[in-house]
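The values are calculated or read from the model by the stated rules, or taken from the named source; none is laboratory data. Owing to the predicted nature of the structure, the values given are computational and were not obtained by experimental measurement. FYI the Cβ positions are ideal-geometry reconstructions off the backbone, even for glycines, and counts take in every protein chain you see.
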Amino acid sequence: MGYKLRGKTFEEFIIDEEIFTASRTITEADVVNFAGLSGDFNLLHTDEEFMKSSEFGGRIAHGALVAAVCSGQANQLGIYEGTTIAVVQVTTKYTGAVRLGDTVRTIIKCIDKRDSKKPDRGVATFKITMLNQQDQSVQEAEWIIILKKKL
């Protein structure tokens with residue numbers, strides 16, 4: 001038998017259920033690689049000496065890097081694997097800085113579901129909260145995703 005997709009269908013997501021990801025530490029390599037990939041070499045991320053005198057006391061990770069890690073953590077769970085049709089909207093609010101060496105984890109909570117005009121799919125809204133190792137929020141987001149229904 002072949003590989004079985006792990007994704008949840010629209011019906012399988014439960015309103016207010018929280019799903020927790022594994023934790024991951026943001027490393028020097030993450031920040032350097034992201035700067036190279038994105039072309040964002042802002043001093044906030046690349047100049048330790050400059051940032052030592054800042055309110056952060058050192059370099060911080062790119063907000064877009066943190067958002068990408070959040071998405072990766074969610075996808076590693078497999079809950080969207082093979083059942084996502086499209087991501088309609090992502091709204092992100094950065095609520096705290098992520099320092100190199102911080103360990104982050106994500107909480108995914110389905111907060112709304114509605115039927116689509118097409119009978120084979122539904123639209124689900126997820127509240128996303130990323131926390132650091134001190135359980136402080138560093139990112140909050142809302143994802144609106146079109147998901148397959150069971151047929």
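Structure values in brief
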quantity	calculated
Pair list, Cβ under 6 Å, 6 or more apart: the range 64-76 residue modelled with pLDDT of 95 or more, other residue among the aromatic types (Phe, Trp, Tyr)	Leu65/Phe34
Meets criteria (among the acidic types (Asp, Glu), in contact (Cβ under 8 Å) with a residue 24 or more places away in the chain and buried (at least 17 other Cβ atoms within 10 Å of the Cβ)) for Asp40	no
Residues of the range 107-151 classified as farther than 17 Å from Phe20 by Cβ and exposed (fewer than 15 other Cβ atoms within 10 Å of the Cβ), total	10
All positions within the range 10-24 that are buried (at least 16 other Cβ atoms within 10 Å of the Cβ) and not basic (Lys, Arg)	Phe10, Phe13, Ile19, Thr21
Residue count for the range 31-64, restricted to those that are farther than 18 Å from Gly96 by Cα and part of a helix (DSSP H, G or I)	11
